[in-house]
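First comes the structure, then the notes that go with it.
The values are calculated or read from the model by the stated rules, or taken from the named source; none is laboratory data. Being a predicted model, the structure only gives us computed values, none of them experimental. Here the Cβ positions follow ideal geometry from the backbone for every residue, glycine too, while neighbour counts run over all protein chains shown.
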Amino acid sequence: MEQSSVLAAKECNESWKYIRGICHNRLFSMKAIKLRNEVSATKVMEMGDYLRGKEGKVVRLRDIVFATLANSMSNMMVSTDIVDLERDLFPTLDGLLGFWERRKATKLHQEFKSLWGEVIEERREAKCAGEELSQDLLDALIDNGFCNDDIHALLMEMLAAGTSTTCAAIEWLMAELVKNQGVVHKLRHEIESMVDGDIKNASLCHMPYLQACLKEALRLHPPTLFGIPRRALETCTVNDYFVPKDSVILINNWALGRDTTIWDEPLKFKPKRFLESKIELKENLQFEFIPFGAGRRACPGLNVSTTHVQGIVALLVHCFDWFLPEGISPDDLNMTEKFETTVYMKEPLSLIPRSRT
């Protein structure tokens, strides 16, 4: 897997740069995102339709969000859905979390391989027949001579990376919104002021409070506790700390986000703090807040992830009122974290939707 990896490669070598460049052009760049924006927006609207059919019933939000993200990512990668929401039977986030654990990875690879194995073969046949194709990530991988096993490994990595952390971020943000109704009212007002008839056409880049809510959720609940491990290329000394060559370097995002010397009332959910600061998610050199990492090994999916989070949360807030199951108050909501490769809610967020539209 490491030979065809954007995240797991040990070295920033030519192979890593080559694969990352392909993924950037077809997945991560703003140009690629805009090309697939209509499809991604459609997947979000399908999620809304599904939730309307569940009105008044308890839903486990992470499963529905994961299915939506999985279809958005699969359309960016192979131009087809891999999940059928209407069947109510689909892979869940819980299963995919095992992708990063070596002992579970082999089984997961076999399970997910069937999801797009036929798609790869059909695409190869279509290319041989000279048919006009969709110019997605799969096309680029085939054109660049990748074998089926390497294609599968890379698609699996992109699916896992593009859904698990993003799904966790959405679940944490929605949990905080349930507990902070004042924030919901302000956020809903901003969204409504930007919606021109249809939430699908809302301009997410012009919603600073929505962006502040996302940043605040990532500060309090970073989806990855330590981010991607780094390695010291040379022996060095940093602030009087001796760091031997080849040391593994981990950055504790969770601790950074709760540091009382950096943040005022760090345990409170206060999106306003980001409206009053210049801290950004992208190209951020203020290292107190780096949920996507920094430098050339920063998470390449930042643009994709933030676009998905904002689009999904905008729909959830604009189109639905959300209620906790009977007998549970916002103060009783279990915010205990489960620390695995992805930091997610130990008790999955279960809510009752009521349509507002």
Q) Looking at this structure, is Leu250 within 28 Å of Met345 (Cβ to Cβ) and touching an Asp or Glu at 6+ places or on another chain (Cβ under 7 Å)? A) no
Q: Name the one entry in Leu267, Leu316 that is over 30 Å from Asn25 (Cβ atoms) and surrounded by 20 or more Cβ atoms within 10 Å (Cβ to Cβ).
A: Leu316
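Tell me the residue from Arg273, Arg297 that is in contact (Cβ under 8 Å) with a residue 24 or more places away in the chain, farther than 24 Å from Phe66 by Cα, basic (Lys, Arg) and touching a strand residue (DSSP E or B) at 6+ places or on another chain (Cβ under 7 Å), please.
Numbers: Arg273 fails: touching a strand residue (DSSP E or B) at 6+ places or on another chain (Cβ under 7 Å).
Going through Arg273, Arg297 in turn, just one is in contact (Cβ under 8 Å) with a residue 24 or more places away in the chain, farther than 24 Å from Phe66 by Cα, basic (Lys, Arg) and touching a strand residue (DSSP E or B) at 6+ places or on another chain (Cβ under 7 Å): Arg297.
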Q | Pick from segment 182-197, criterion assigned to a helix (DSSP H, G or I) and of a type in the set (D, E, K, R), ranking: farthest from Asp49 (Cα to Cα) | A | Lys186
Q | Some residue of segment 301-318 being within 26 Å of Ala202 (Cα to Cα) and assigned to a loop (DSSP other than H, G, I, E, B) | A | yes
Q: State yes or no: is Leu93 in contact with a Lys or Arg (Cβ under 9 Å, 6 or more places away or on another chain), crowded, with 17+ Cβ neighbours inside 10 Å, modelled with pLDDT under 75 and of a type outside the set (Phe, Trp, Tyr)?
A: yes
(Q) Just checking, does segment 276-296 include any residue being surrounded by 13 or more Cβ atoms within 10 Å (Cβ to Cβ) and either at positive phi or part of a helix (DSSP H, G or I) (or both)? (A) yes
Q. Within segment 244-267, can one find any residue that is closer than 22 Å to Leu187 by Cα and of a type in the set (D, E, K, R)?
A. yes
Q) Can you find even one residue in segment 198-207 that is surrounded by 11 or more Cβ atoms within 10 Å (Cβ to Cβ), in contact with a Gly (Cβ under 7 Å, 6 or more places away or on another chain), part of a loop (DSSP other than H, G, I, E, B) and in contact (Cβ under 8 Å) with a residue 40 or more places away in the chain? A) no
Q: Working only within segment 251-272, note down all residues that are of a type outside the set (Lys, Arg) and assigned to a helix (DSSP H, G or I).
A: Asn253, Trp254, Ala255, Leu256
Q: Return the residue satisfying two criteria in turn: it lies in segment 251-265 and is polar (S, T, N, Q) and out of contact with any Gly (no Cβ under 8 Å at 6 or more places or on another chain), and of such residues it is farthest from Glu340 (Cα to Cα).
A: Thr261
Q) Is it the case that some residue within segment 119-137 is small (Gly, Ala, Ser), farther than 22 Å from Cys299 by Cβ, in a helix (DSSP H, G or I) and free of Cβ contacts under 8 Å to residues at least 40 places away in the same chain? A) yes
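Per-residue answers, yes or no, for (1) surrounded by fewer than 21 Cβ atoms within 10 Å (Cβ to Cβ); (2) over 22 Å from Val83 (Cβ atoms); (3) modelled with pLDDT of 90 or more; (4) among the aromatic types (Phe, Trp, Tyr):
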| position | (1), (2), (3), (4) |
| --- | --- |
| Lys113 | yes, no, no, no |
| Gly117 | yes, no, no, no |
| Glu125 | yes, yes, yes, no |
| Gly130 | yes, yes, no, no |
| Ala140 | yes, yes, yes, no |
| Leu159 | no, no, no, no |
| Thr163 | no, no, no, no |
| Ala168 | no, no, yes, no |
Q: Show the residue pairs that are 6+ apart or on different chains and have beta-carbon atoms under 7 Å apart, the first residue being within segment 169-187 and farther than 20 Å from Lys346 by Cβ, the second being of a type in the set (Val, Ile, Thr) and at pLDDT 95 or above.
A: Val184/Val317; Leu187/Val317
Q) Can you tell me which residues in segment 303-357 are out of contact with any strand residue (DSSP E or B) (no Cβ under 8 Å at 6 or more places or on another chain), without any contact (Cβ under 8 Å) to a residue 24 or more places away in the chain and more than 16 Å from Glu176 (Cβ to Cβ)? A) Glu326, Gly327
